[in-house]
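Notes to accompany the following structure.
The values are calculated or read from the model by the stated rules, or taken from the named source; none is laboratory data. Nothing here was measured: the structure is a model prediction, and the numbers come from that model. Neighbour counts run over all protein chains shown; Cβ positions are idealised from the backbone, glycine included. Calculation scope for accessible area: heavy atoms of the full protein, side chains included, ligands and nucleic acids excluded. Shrake-Rupley method; radii C 1.70, N 1.55, O 1.52, S 1.80 Å.
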Amino acid sequence: QVQLVESGGGLVQAGGSLRLSCTASGRIFGIPDMGWYRQPPGKQRELVAVITSGGSTNYADSVKGRFTISRDIAKNTVYLQMNSLKPEDTAVYYCNFEVGSRSSWGQGTQVTVSS
């Protein structure tokens, strides 16, 4: 019943920046844990960043210092600010909300970083 829609992906040069957004619709009770995952071509999906219901954040080692996750609870939106992008950041990025006992996923947005 919860639908997530990502936006903000695209093609950027190495060293550039990009901001991803993910907005949820549907019934959400309380404050969910929110996260971003990515799946590089030919590889498994991996966790990028998470912001818990209490507001604490965690990042994959590969993106620490470059990416920032944030949220607007009133808008049911989570953001991922990506700076100093590298070619290895190229992937389909997915947002995730943990709503009660259910996981909701967005459709994915492509991020491509050229050399």
Fill in: Matching option when the condition is open to solvent by less than 70 Å² (accessible area, probe 1.4 Å) and in a strand (DSSP E or B), among LEU47, LEU20
LEU20
Discussion item. Out of the residues in segment 22-49 meeting the condition of being over 12 Å from the mean Cα position of the chain (by Cα) and among the β-branched types (Val, Ile, Thr), tell me which one is farthest from PRO87 (Cα to Cα).
Written reply: ILE28
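State all residues of segment 68-107 that are in a loop (DSSP other than H, G, I, E, B), under 11 Å from CYS22 (Cα atoms) and touching a residue at least 60 places away in the same chain (Cβ under 8 Å); if no residue qualifies, say none. Give the steps one after another, and end with the answer.
Taking segment 68-107 first, the residues in a loop (DSSP other than H, G, I, E, B) are 76, 83-86, 90, 100-101, 107.
Next, only the ones that are under 11 Å from CYS22 (Cα atoms) stay: 76, 107.
GLN107 - this is the single residue of segment 68-107 that is in a loop (DSSP other than H, G, I, E, B), under 11 Å from CYS22 (Cα atoms) and touching a residue at least 60 places away in the same chain (Cβ under 8 Å).
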Worksheet item: For the subset of segment 23-44 comprising residues that are of a type outside the set (Lys, Arg), more than 27 Å from SER114 (Cα to Cα) and out of contact with any Asp or Glu (no Cβ under 9 Å at 6 or more places or on another chain), which member is least open to solvent (accessible area, probe 1.4 Å)?
Response: ALA24
Worksheet item: Quick one: would you say ARG102 is over 13 Å from VAL48 (Cβ atoms), of a type in the set (Lys, Arg) and at pLDDT 95 or above?
Response: no
Item to complete: Determine, yes or no, whether ALA49 is at pLDDT 95 or above, within 13 Å of CYS95 (Cα to Cα) and not β-branched (Val, Ile, Thr).
Response: yes
Discussion item. For segment 1-15, give me each residue that is surrounded by 15 or more Cβ atoms within 10 Å (Cβ to Cβ) and at pLDDT 95 or above.
Written reply: LEU4, GLU6, GLY8, GLY9, VAL12
Worksheet item: When you look at GLY108, is it out of contact with any Cys (no Cβ under 7 Å at 6 or more places or on another chain) and open to solvent by 30 Å² or more (accessible area, probe 1.4 Å), yes or no?
Response: no
Worksheet item: Say we look at segment 50-67 and pick out the residues that are part of a strand (DSSP E or B) and crowded, with 16+ Cβ neighbours inside 10 Å; which of these is nearest to the chain's Cα centre (by Cα)?
Response: VAL50
